[in-house]
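*Asks:* Okay, handing you the structure first.
The values are calculated or read from the model by the stated rules, or taken from the named source; none is laboratory data. None of the values given here were measured: they were computed from a predicted structure. Cβ sites come from the backbone with ideal geometry, for glycine too, and all protein chains shown count toward neighbours. Side chains included, ligands, DNA and RNA excluded: accessible areas come from the protein's heavy atoms. Shrake-Rupley method; radii C 1.70, N 1.55, O 1.52, S 1.80 Å.
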Amino acid sequence: MSRALHDLLGEIERDRTLLEPGRLRERGAALDRLENHRLGAPAAEAGLHERIGALCAALEAIDDQLHRSIRQDIRRGAGAQALLGHARVAGPDPNAADGATAGDGYDHLDTLVSGVLQIEAPQGRLAGLSQEMVFYQPTPARHIFDLLARTGLGADDVLIDLGSGLGQVALIAGICSGARCIGIEWEASYVQSARRCAQALQLDRVGFVQGDARTADLSAGTVFYLYTPFKGAMLREVLDRLEAEASIRELRICTLGPCTATVAREPWLQAADAWELHRPAVFRSG
Ligand SMILES: C[S@@+](CC[C@H](N)C(=O)[O-])C[C@H]1O[C@@H](n2cnc3c(N)ncnc32)[C@H](O)[C@@H]1O
């Protein structure tokens, strides 16, 4: 065994703080290091892979237990406190360089969210996207929590995620804010997975609609979210529909990715603060 690997295994085995449920970020970092070494560990060395595997399993068991406990809290209506509290410690290190929070990479907070939501893989064939529809990619969890904080989403709001994919924006927003949350998604099998998750967590105020954002009912929304779900004429058509809705009531439009630049040029919207492509942007109508 290399000296570095020997030292790493000893260090992680001795560090009992990694077994504390709240040490999510540190445990995630230890698991990442172990996985990297597992790949490169010499196969010939007796018991080495088993030792790394046992250490990973012990750390993963703490995470599994934590996810179960947060799921129970969500079912009994106490999910906001549980998830927001743990998200604070799993999220990017506030002392890290600025780049840790921008961009579309995933981190330990996504591991927490995926363990808590346990969204099932979509079943069956996908309908397929037309040229201006953008394929599924989930919003990194840190951006969802950032959006919740910056919009102050509350129980009186109705959040509509246009192109909701497997639904994690609406699910997290529903858990953490109490707002009614609706996902509109073209792919029926994504909608089924998202609905099953909402049912399993007993989230009565979170729902998913299969449909096209160009024709779906937008009349309930007070806050709309677009993680660049479509582009070109399709984006134009949906923005025109949102402008019509904004003539009836004040809206907040939140965006992430390339569509932000288009949305920022809409004369009926004002940016709530300086916007960037690689972070969620918030715009207000009126
Ligand atoms: C980049 S993903 C965003 C997923 C989700 N909003 C999130 O942030 O995690 C874009 C999603 O929009 C869906 N989509 C694309 N065009 C659509 C349309 N016209 N109506 C409804 N959904 C659409 C895609 O199927 C895909 O799941």
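*Asks:* Looking only at segment 218-237, count how many residues are farther than 21 Å from Glu276 by Cβ and assigned to a loop (DSSP other than H, G, I, E, B).
*Replies:* Within segment 218-237, residues that are farther than 21 Å from Glu276 by Cβ and assigned to a loop (DSSP other than H, G, I, E, B) number 5.
*Asks:* If I ask for residues that are near the ligand (Cβ under 7 Å from one of its atoms) and either aromatic (Phe, Trp, Tyr) or open to solvent by 30 Å² or more (accessible area, probe 1.4 Å) (or both), which ones from segment 216-237 would you list?
*Replies:* If the condition is that a residue be near the ligand (Cβ under 7 Å from one of its atoms) and either aromatic (Phe, Trp, Tyr) or open to solvent by 30 Å² or more (accessible area, probe 1.4 Å) (or both), then Tyr225, Tyr227, Phe230 are the ones that fit.
*Asks:* Thr139 is checked against (1) touching a residue at least 60 places away in the same chain (Cβ under 8 Å); (2) part of a loop (DSSP other than H, G, I, E, B); (3) open to solvent by 10 Å² or more (accessible area, probe 1.4 Å); (4) near the ligand (Cβ under 9 Å from one of its atoms) and fails just one. What number does that condition carry?
*Replies:* (3)
*Asks:* Can you list residue pairs whose Cβ atoms sit under 8 Å apart, with the first residue in segment 165-189 being not assigned by TED's automatic domain parsing to the domain that holds Ala220 and of a type in the set (D, E, K, R) and the second being within 11 Å of the ligand (Cβ to nearest atom) and open to solvent by 10 Å² or more (accessible area, probe 1.4 Å)? Count only pairs 6 or more apart in sequence or on different chains.
*Replies:* Here the result reads none, with nothing in segment 165-189 linked to a residue that is within 11 Å of the ligand (Cβ to nearest atom) and open to solvent by 10 Å² or more (accessible area, probe 1.4 Å).
*Asks:* Next question. Given the condition surrounded by fewer than 18 Cβ atoms within 10 Å (Cβ to Cβ), among the polar types (S, T, N, Q) and assigned by TED's automatic domain parsing to the domain that holds Ala272, answer yes or no: does some residue in segment 80-87 qualify?
*Replies:* no
*Asks:* Of the conditions (1) open to solvent by 50 Å² or more (accessible area, probe 1.4 Å); (2) at pLDDT below 95, Ser114 satisfies every one except a single condition; which number is it?
*Replies:* (2)
*Asks:* Kindly indicate which of Asp240, Asp204, Asp273 is among the acidic types (Asp, Glu) and either part of a helix (DSSP H, G or I) or crowded, with 16+ Cβ neighbours inside 10 Å (or both).
*Replies:* The conditions single out Asp240.
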